[in-house]
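The values are calculated or read from the model by the stated rules, or taken from the named source; none is laboratory data. Please read these numbers as outputs of a predicted model, since none were measured by experiment. Please note: Cβ atoms are built from the backbone with ideal geometry, for glycine as well, and neighbour counts cover all protein chains shown. With ligands, DNA and RNA removed, areas are computed over all heavy atoms of the protein, side chains included. Shrake-Rupley method; radii C 1.70, N 1.55, O 1.52, S 1.80 Å.
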Amino acid sequence: SDVVGISNKMLSKELKDLETNRLIKRTVLATQPITVQYELTEHGLSLKKIINNLTEWGIKHRAEIIQP
């Protein structure tokens, strides 16, 4: 796995949960070795605005806390 700071077992569990909740789509490619590709579904993409709002809030909140 190319994700730093997470075990393969935990990454697999999280990806499976995201797939179960229809946020991502898993595609197995017929390559050698086998490649697995993940992409956001329309349902997953519907979270974009919410995630952007949380990001903006987090940046503002952190700036207020860090101010001397």
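A few comments on the model shown:
- Residues of segment 21-34 that turn out to be open to solvent by 100 Å² or more (accessible area, probe 1.4 Å) and not in a strand (DSSP E or B), as a count: 5
- Some residue of segment 48-65 being in contact with a helix residue (DSSP H, G or I) (Cβ under 7 Å, 6 or more places away or on another chain), among the charged types (D, E, K, R) and free of Cβ contacts under 8 Å to residues at least 40 places away in the same chain: no
- Some residue of segment 35-49 being surrounded by fewer than 10 Cβ atoms within 10 Å (Cβ to Cβ) and among the β-branched types (V, I, T): no
- Which numbered condition K9 fails, given (1) part of a helix (DSSP H, G or I); (2) open to solvent by 90 Å² or more (accessible area, probe 1.4 Å); (3) touching a helix residue (DSSP H, G or I) at 6+ places or on another chain (Cβ under 9 Å): (3)
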